[in-house]
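Participant: Input: one structure, supplied below.
The values are calculated or read from the model by the stated rules, or taken from the named source; none is laboratory data. Predicted model only: the values in this text are computed from it and were never measured. Note that we place each Cβ from the backbone using ideal geometry, even for glycine, and neighbour counts take in every protein chain shown.
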Amino acid sequence: MESLKCRSGSVKKRWFTMARVKLKRKKFVLPSRYILAIITFFCIAMMLLTFFTDAVSAPLSGIAAYTVVPFERGFDSIGSKFTARMNDFKNLKEVLDKNEALQNRVNELSQLNSQLTRDRYELEELREFYGLSDQLSDYETVGARVIGKDPGNWFSVFVIDKGSRDGLAVNMNVITGSGLVGIITEVGTNWASVRSIIDDSSNVSAMVLNTEDSVVVNGDLKLIANGDIRFEHLLDEDDKVVKGDQIVTSNISDKFLPGINIGYISSIDKDPNNLTKSGTLTPGVDFKHINTVLVIKELKAGKTD
Amino acid sequence: MIRKSIEFVLVFVCFLLQCTLFKFISLGGIAPNLLIILTSAFGFMKGRTEGMFVGFFSGLMVDVLFGNGIIGLYTLIYTYIGFFNGMFNRMFFPDDVRLPILLITFSDLIYCFVVYVLTFLLRSRFDFGYYVLHIIIPEAVYTIFITILFYRLLLKIETSLERHGFE
């Protein structure tokens with residue numbers, strides 16, 4: 001045993017001398033443990049720095065603007081062309097049927113539209129009469145294409161192809177024709193990332209349109225598969241809110257402009273505390289097929305009224 | 001240097017594929033994780049330092065575009081995955097496909113678990129069972145499937161790099 005130890009010691013010694021000789025010949029390489037430690041400290045420092053300031057993220061997003069984003073645009077157009085071609089063959093019959101149905105709907109709607117236009121004139125007149133400002137006036141919007149999606153399966157964040165160059169800023173609301181999509185969380189010169197309202201970390205202060213009761217709309221990963229969103233903290237003592245009621249963004253939200261459609265209540269239940277209600281709503285936007293969006297170039301904080 | 005540039009280009013291409021074309025092949029909203037395959041593969045094929053290099057840049061790209069304002073979280077996770085895969089470098093033989101698949105699967109599971117703990121559990125989303133069944137397992141299975149196709153290509157790139165003597 002003793003001799004074995006001795007022997008292993010000498011082997012070790014020889015190995016060390018060999019290693020030293022080798023080191024002299026080869027250039028010095030930092031052991032990976034130390035590199036890992038350095039990267040760990042670096043990352044933790046970056047996390048703290050980016051959490052409290054914007055000092056680092058601005059140049060990095062600048063780099064992304066000229067490296068990743070142009071390629072993403074290219075890839076995305078290839079992908080959409082490919083799927084579009086696939087769908088061409090598949091959906092022709094379906095589309096023809098749909099076209100007929102939609103034609104009927106157009107007739108219905110145009111009739112309704114003329115009626116509503118009449119009402120609108122009347123409304124404008126009355127508003128003028130009472131001196132009310134038009135709160136739901138048309139916001140200035142800019143169209144953008146969705147060019148990339150969050151690489152993981154946990155969050156619903158996507159990248160659009162317009163950025164600060166086009167006048168976009170953090171906290172601007174993103175919509176489609178049918179309702180609220182999300183909010184801008186990061187902006188580069190020619191890109192912006194948008195957190196959609198179905199994202200698990202999304203909270204939107206909203207209200208029920210016809211009763212003006214305020215609710216909070218939370219994204220929930222568990223409901224994404226059904227295409228639903230959860231809403232909570234509805235104080236509805238008289239049970240006036242029912243299934244099918246429309247939910248829109250509220251006046252008291254600090255980031256979302258008021259009166260944007262979110263969706264319609266699909267289920268509603270009393271909470272265990274017996275005071276508030278919660279449930280699910282079906283969003284107006286089809287989040288599985290978003291290709292183009294509109295960004296409202298107006299911030300809630302900048303609104304003066 | 002040439003090796004590093006090629007690795008960087010690979011990370012770049014995989015990230016782009018992940019963000020764009022993979023949303024077209026996702027099944028039920030679940031897409032495979034190409035960046036984990038890449039990081040893990042370079043870890044066990046080439047060692048800890050190389051794994052960390054690939055992991056670092058993979059994570060950094062995710063952080064810059066999708067980090068929600070915090071840069072460093074995904075960089076850290078991917079770097080550690082590269083490092084730990086590098087520990088199995090000694091057990092790696094190019095002909096044996098079992099170890100790579102095993103390692104990549106474990107890496108993906110651990111990655112998912114860490115992401116769950118850091119971004120979901122800390123926001124008091126406690127239903128771990130649901131997330132395992134509906135996100136983590138499907139992602140891991142899909143990732144294994146892509147690994148079987150993608151790993152051969154990576155191995156070919158790595159052997160040709162080695163043949164040309166790029167260290």
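Participant: List the pairs whose first member sits in the range B:119-148 and is more than 23 Å from B:VAL97 (Cα to Cα) and within 11 Å of chain A (Cβ to nearest Cβ), whose second member is assigned to a helix (DSSP H, G or I) and of a type in the set (A, V, I, L, M, F, W, C), and whose Cβ atoms are under 8 Å apart, counting only residues at least 6 apart or on separate chains?
Facilitator: Listed pairs, sorted by first residue: B:PHE120/A:LEU221; B:ARG125/A:LEU221; B:TYR131/A:LEU221; B:TYR131/B:PHE120; B:ILE135/A:LEU221; B:ILE135/B:CYS112.
Participant: Looking at the range A:160-179, which of its residues are in a strand (DSSP E or B) and modelled with pLDDT of 90 or more?
Facilitator: Those that are in a strand (DSSP E or B) and modelled with pLDDT of 90 or more: A:ILE160, A:ASN173, A:VAL174.
Participant: While we're looking at this one, here's another question. Does B:LEU65 satisfy the criteria of being surrounded by fewer than 18 Cβ atoms within 10 Å (Cβ to Cβ) and part of a helix (DSSP H, G or I)?
Facilitator: no
Participant: Ok, one more. I'd like the residue in the range B:10-36 that is touching a Leu at 6+ places or on another chain (Cβ under 8 Å) and at the interface with chain A (Cβ under 9 Å from one of its Cβ atoms) and, out of all such residues, is surrounded by the most Cβ atoms within 10 Å (Cβ to Cβ).
Facilitator: Per the criteria, the residue is B:CYS19.
Participant: Quick check on my filter: what residues within the range B:68-79 are crowded, with 24+ Cβ neighbours inside 10 Å, free of Cβ contacts under 8 Å to residues at least 24 places away in the same chain and at the interface with chain A (Cβ under 7 Å from one of its Cβ atoms)?
Facilitator: Hits for the range B:68-79 are B:GLY72, B:THR75.
Participant: Taking the range A:211-230 on its own, how many of its residues are buried (at least 18 other Cβ atoms within 10 Å of the Cβ), modelled with pLDDT of 90 or more and farther than 11 Å from A:ILE198 by Cβ?
Facilitator: 1
Participant: Within the range B:37-61, restricting attention to residues that are under 9 Å from the mean Cα position of the chain (by Cα) and within 10 Å of chain A (Cβ to nearest Cβ), which residue is surrounded by the most Cβ atoms within 10 Å (Cβ to Cβ)?
Facilitator: Among them, the one singled out is B:GLY55.
Participant: For the subset of the range A:181-201 comprising residues that are in a strand (DSSP E or B) and more than 10 Å from the chain's Cα centre (by Cα), which member is nearest to A:GLY284 (Cα to Cα)?
Facilitator: Only one residue fits best here, namely A:ALA192.
Participant: Within the range A:25-45, can one find any residue that is assigned to a helix (DSSP H, G or I), at pLDDT 75 or above and closer than 30 Å to A:LYS288 by Cβ?
Facilitator: The answer is no; no qualifying residue exists.
Participant: Here is a list: B:THR159, B:THR143. Which entry is of a type in the set (S, T, N, Q) and buried (at least 17 other Cβ atoms within 10 Å of the Cβ)?
Facilitator: B:THR143
Participant: Can you find a residue in the range A:60-70 that is touching an Asp or Glu at 6+ places or on another chain (Cβ under 8 Å) and either more than 9 Å from chain B (Cβ to nearest Cβ) or touching a residue at least 24 places away in the same chain (Cβ under 8 Å) (or both)?
Facilitator: yes
Let's see how each residue does on (1) touching a residue at least 60 places away in the same chain (Cβ under 8 Å); (2) not basic (Lys, Arg):
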| position | (1), (2) |
| --- | --- |
| A:ALA144 | yes, yes |
| A:ASP150 | no, yes |
| A:LYS162 | yes, no |
| A:SER178 | yes, yes |
| A:VAL204 | no, yes |
| A:MET207 | no, yes |
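Participant: Go over the candidates A:GLU128, A:GLU108 one by one and state the one that is assigned to a helix (DSSP H, G or I), more than 14 Å from chain B (Cβ to nearest Cβ) and farther than 28 Å from A:THR282 by Cα.
Facilitator: A:GLU128
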